[in-house]
Every structure is written in C-alpha cells, then in structure tokens.
Amino acid sequence: MSKISTVTLERYQDKHRAGLSDYHLSEEQNRYASKALDALKQFQEDPSRHPIVILYNGQPAGFFILHGWEGVQRYSNNTNALLIRSYSINAKFQGNGIAKQSLFELEDFVKEHFPDKDEIILAVNKKNTVAQQVYLKGGFVDSGQRMMGRKGELYIFRKSLNVS
C-alpha cells in the first residue's frame, strides 16, 4: 500500500520559520531565486507582498511570494493580477512532484484568498529551462513577452484564472 503525499499552500506564519530556516537551494535555483528567509525580509518592508509556504505532508518544502500591483505593473497592466516571486522548492524535497502540484493548487488558493484576482504572472530567466518546464506543466503559458532582468533575459508566463 503506497502512502499518499499531499501538497498544500498556506500563508506564511511564524510556525513555518523553523522549517524554512533549514532551507537549501540547488546550485541552479540559487542563481535565480531568493532563499525563503531572505524573501521574508522584503515582505516585512512591503505589504503588497504575500509570503506563501508550500507544505509537503505538513512540512515546509517550498516557498514563494505573491506580489500585488507594485510587482505586477512592470510586467502587465492588469490590476487584477498577482506576480509570483522567489518561487523555489527546498533541495531536500525535490523530485517528489511538489513544484508541479503546488502550481495546480495555486489557482484554488488565489481564488480563496484573493477573490478579485483573475491572472497570475511570473518572470522566468531564459537560461532557467528547468523552471520553464515546471511552469508550463503547471498550467502557465508563455505570453511571448520578453524583457531584461538583473540576471538576463526574462520570459513572461501567465496563467488565467477561471473566475466563477
């Protein structure tokens, strides 16, 4: 009998800090994403940033920021969009399908916690092909929009939310 693994999303709470303090990124991820606790520092300075923890069987396994208009406006004129920033999976949890599943969970999470939002946007580095594949498998589409970022050319991916 196989154990069923669950992936859920939660808004960051202090109870997650210990699990996120033992957070390691692969060399590839380290080039493009911030460590969870570093990204949390920015959250404290900007109320339009919403830290989200990816839980795998109840343990913090990943992290990202949902950024409101202050982040979105560089990539889109949609005031009803959210931007994903600093998305990563802790290296010790990689290879379990957590990233893909978390991106599928994201739509319901946004509908519940941000009901006025109708789109999720992210910028992924051209050289970060592994992340591009994860985002595409998670329901995002390449918008065709390109721009320069601090670490090179970025592809802008979008996911429309089915608003009921």
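Rule-based calculations on the coordinates, nothing more; no lab input. In this text, all values refer to a predicted model and were calculated from it rather than measured experimentally. Note that each Cβ is placed from the backbone with ideal geometry, even for glycine, and that neighbours are counted across all protein chains shown.
What's the exposure ranking of 156, 65, going from fewest to most Cβ atoms within 10 Å?
Starting with the residue having the fewest Cβ neighbours, the order is 156, 65.
How would 136, 83, 154 line up from fewest to most surrounding beta-carbon atoms within 10 angstrom?
136, 154, 83
Of 62, 152, 139, which is the most mobile in a GNM of the chain whose springs link Cα atoms less than 10 angstrom apart?
It is 152.
Over the range 7-160, how many percent of alpha carbon pairs lie in each 5 Å bin up to the one with the longest distance?
The percentages, shortest bin first, are 2, 9, 20, 24, 23, 15, 6, 1.
At a 10 Å Cβ-Cβ cut-off, how would you order 160, 5, 86, fewest neighbours first?
Sorted ascending by nearby Cβ count, the order is 5, 160, 86.
Taking the Cα centre of the chain as the origin and placing charges on Cβ (Lys, Arg +1; Asp, Glu -1), which of 39, 72, 130 is farthest toward the positive end of the dipole?
130
Let's see if you can work this out: charge +1 on each Lys and Arg Cβ, -1 on each Asp and Glu Cβ, no other charges. What is the dipole magnitude of the chain about its Cα centre, in debye to the nearest 20?
Approximately 460 debye in magnitude.
Run lengths n ≥ 4 of DSSP H only: what is the helix-derived mean residue ellipticity at 222 nm for the chain, with -39500 (n - 2.57) per run over all residues, to the nearest 500?
-8500 deg cm²/dmol
Over the chain, with a Gaussian network built from C-alpha contacts below 10 Å, which listed residue (16, 24, 67) shows the highest mean-square fluctuation?
Of 16, 24, 67, the most mobile in the Gaussian network model is 16.
Between 138, 68, 58, which gets the highest mean-square fluctuation from a Gaussian network model of the chain, Cα cutoff 10 Å?
So, out of 138, 68, 58, the one fluctuating most is 58.
For the range 108-154, what is the Kirkwood hydrodynamic radius in Å, using each pair of distinct C-alpha atoms?
Computed over Cα pairs of the range 108-154, the Kirkwood hydrodynamic radius comes out at 12.2 Å.
Tell me, what is the FRET efficiency for residue 74 and residue 5 to the nearest 0.05, using R0 = 25 angstrom and their Cβ-Cβ distance as r?
0.10
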